[in-house]
Structures are given as C-alpha cells and as structure tokens.
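**Student:** What follows is a structure written as structure tokens; I'll ask about it next.
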Amino acid sequence: MLELRPTCENCNKPLPPNSVDARICSYECTFCASCVDNILDDVCPNCGGGFVPRPIRPATNWKGDNFLGKDPASTNVKHRPVDRDAHARFVASIRQIPPHDR
Ligand SMILES: [Zn+2]
Ligand SMILES: [Zn+2]
C-alpha cells in the first residue's frame, strides 16, 4: 500500500493526505510540487526517476473500509534536504542517456 508520507523530503512542508501539492516517485519518495519543479527538475534525488501527483486517499468510507480511517497516513517524517549542486550534476548525468535507456 502506498505510504502517504507527512512532509516534503526536501523542505519539510506539510503534505497531508488531501494535499494536491504532493508528488511521488515510483519508490514513494515524496516532495512538494514547488521543490519538484524548481529544485529537483522532475528527477528524484534518491532513484533518478520522475514524479507524478500523489493520489488522494478518501477520508470517507465510500466502500469496503478502503479509506484513511482504516489506513491512515504515515507520521514517519523523512527530511533529507537535497544538495543542489550535487543534484544538478546528477540530473545532468542522467539526461545524457536517452529516455528509454535510463
Ligand atoms: Zn518541498
Ligand atoms: Zn525515488
């Protein structure tokens, strides 16, 4: 199940489960839209993959107990600010490779 992490890993901005600002990579690394757009250049600093908007888990039990009340968001903060120079080099090295060979 997707881990709904509580904050942006870079700036520690709160990202509650209903946030439309949360972005995740395929490993669930979680950042805010501003950091993804302005600092990360849509490259995850942990795995090198891209980001998508994080889906919102329903707060209401619409069907079959599949909702926040039964499966709450994580409270495990992962705050690991990105070294911007090192990340820029990481992005440049990845972008040398054609998209389908990455
Ligand atoms: Zn952020
Ligand atoms: Zn990642």
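The values are calculated or read from the model by the stated rules, or taken from the named source; none is laboratory data. It should be emphasised that the depicted structure is a prediction, and the values quoted were computed from it without experimental measurement. Virtual Cβ from ideal backbone geometry, glycine too; neighbours counted across all protein chains shown. The area values use the complete protein model at the heavy-atom level, side chains included, leaving out ligands, DNA and RNA. Shrake-Rupley method; radii C 1.70, N 1.55, O 1.52, S 1.80 Å.
**Student:** Any idea how far apart LYS70 and ARG102 come out in nm if each label point goes 7 Å out from Cα toward Cβ?
**Tutor:** Taking the two extended label points, one gets 3.7 nm.
**Student:** If you count only protein heavy atoms with a 1.4 Å probe, what accessible area per residue comes out for the chain, rounded to a whole Å²?
**Tutor:** Working: 6360 Å² over 102 residues.
Result: 62 Å² of accessible area for each residue.
**Student:** Give the long-range amide H neighbours of THR30: residues separated by 5 or more places, or on another chain, with amide H under 5 Å away, using H modelled in the peptide plane at 1.01 Å from N.
**Tutor:** GLU9
**Student:** If you average the C-alpha positions of the range 64-83 and of the range 1-52 separately, how far apart do those two centres end up, in angstrom?
**Tutor:** 12
**Student:** Once phi is turned into θ = phi - 60°, what whole-Hz ³J(HN,Hα) does the Karplus curve with 6.51, -1.76 and 1.60 give for every residue of the range 81-90, x standing for Gly and Pro?
**Tutor:** Per-residue couplings from phi come out as x, 7, 6, 5, 5, 4, 5, 4, 5, 4 Hz.
**Student:** Let me ask you something else. Spelling out what I want: for every residue of the range 15-20, take phi, set θ = phi - 60°, compute 6.51 cos²θ - 1.76 cosθ + 1.60 (Karplus), and round to whole Hz; glycine and proline get x.
**Tutor:** Result, rounded to whole Hz: 10, x, x, 9, 6, 8.
**Student:** Determine the share of the chain's accessible area contributed by carbon and sulfur atoms, expressed in whole percent, with a 1.4 angstrom probe.
**Tutor:** Numbers: 3340 of 6360 Å².
Ligands and nucleic acids excluded, carbon and sulfur reach 53 percent.
**Student:** Let me ask something else. How much FRET efficiency would the formula 1/(1 + (r/R0)^6) give for ASP83 and VAL20, where r is the Cβ-Cβ distance and R0 is 25 Å, rounded to 0.05?
**Tutor:** Result of the calculation: an efficiency of 0.35.
**Student:** Now for a separate question. What does the helix-only formula give at 222 nm for the chain: each DSSP H stretch with n ≥ 4 adding -39500 (n - 2.57), the total divided by the residues, and the result rounded to the nearest 500 deg cm²/dmol?
**Tutor:** Numbers: 1 runs with 12 residues, N = 102.
Rounded to the nearest 500, it is -3500 deg cm²/dmol.
**Student:** Let me ask something additional. Per residue, how big is the convex hull of the chain when only Cα atoms are used? Give it in Å³. Spell out each step's value before the answer.
**Tutor:** Details: hull volume 10.2 nm³, N = 102.
Measuring per residue, one finds 100 Å³ for the Cα hull of the chain.
**Student:** Could you calculate the contour length gain from ASP42 to THR60, that is, 0.36 nm times the residue separation minus the distance between their Cα atoms, to one decimal place in nm?
**Tutor:** Working: separation 18, 0.36 × 18 = 6.48 nm, distance 3.16 nm.
The span from ASP42 to THR60 would gain 3.3 nm if fully extended.
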